[in-house]
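Read-outs throughout are calculated quantities, based only on the coordinates presented, and are distinct from any laboratory measurement. On a predicted model such as this, the values are computed, not experimentally measured, just so you know. Cβ coordinates were reconstructed from backbone atoms using ideal geometry, including for glycine residues, and neighbour counts include every protein chain displayed.
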Amino acid sequence: MLEVYIDGSTTGNPGPSGIGVFIKGEGHHIKISEFIGSYTNHTTEFIALLRGLEEAQKLTTSIVSARTDSQIVCAAVEKKYAKNAEFAAILEKILVIIDTFDLFFIKWIPDDQNKAAHALAREAVLKKLP
């Protein structure tokens, strides 16, 4: 099983944004820290999940467990629905990838259990700030 921890970070809302993805399990220990442009904080969370699942898809088709500190992302994935058009467009791509896994779980976790992904997301933003 792969565990995919994701987080997004913005400076301002919207503002310069970064994503952090930490993947562990099945012999993998992957850290992704990427600047993604200017977005709202919620949009960055959806983009982080999409990016994390894209990476997980390269590694396995078996079991993937995503962990996020975003209740909005967690609820949208569980309901397979997002009212916001921007979130819905990203969610549609997320759901397509989820369908390629044998089993997929998403779980909300508190911030203090998501420190690795948070640090990676924050690092991505700070590298781009003057």
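Things to note:
- Count - residues of segment 34-85 that are over 14 Å from ILE98 (Cα atoms), more than 14 Å from the chain's Cα centre (by Cα) and small (Gly, Ala, Ser): 4
- Yes/no for VAL73 being surrounded by 13 or more Cβ atoms within 10 Å (Cβ to Cβ), within 22 Å of PRO16 (Cβ to Cβ) and out of contact with any helix residue (DSSP H, G or I) (no Cβ under 7 Å at 6 or more places or on another chain): no
- Neighbours by Cβ (under 7 Å, 6+ apart or cross-chain): first from segment 55-79, touching a residue at least 40 places away in the same chain (Cβ under 8 Å) and farther than 16 Å from GLU92 by Cα; second among the acidic types (Asp, Glu) and assigned to a loop (DSSP other than H, G, I, E, B): LEU59/GLU26; THR60/GLU26; THR61/ASP102; SER62/ASP102; ILE63/ASP102
- Of the criteria (1) under 17 Å from GLY8 (Cα atoms); (2) surrounded by 15 or more Cβ atoms within 10 Å (Cβ to Cβ), which one PRO110 fails: (2)
- Residue in segment 12-24 that is within 19 Å of ILE109 (Cα to Cα) and surrounded by fewer than 21 Cβ atoms within 10 Å (Cβ to Cβ) present: yes
- Just one of the listed residues (GLU86, GLU123) is surrounded by 15 or more Cβ atoms within 10 Å (Cβ to Cβ), farther than 21 Å from GLN57 by Cα and in contact (Cβ under 8 Å) with a residue 24 or more places away in the chain, and it is GLU123.
- Qualifying residue in segment 107-130 (condition: under 13 Å from LEU50 (Cα atoms) and touching an Asp or Glu at 6+ places or on another chain (Cβ under 9 Å)): no
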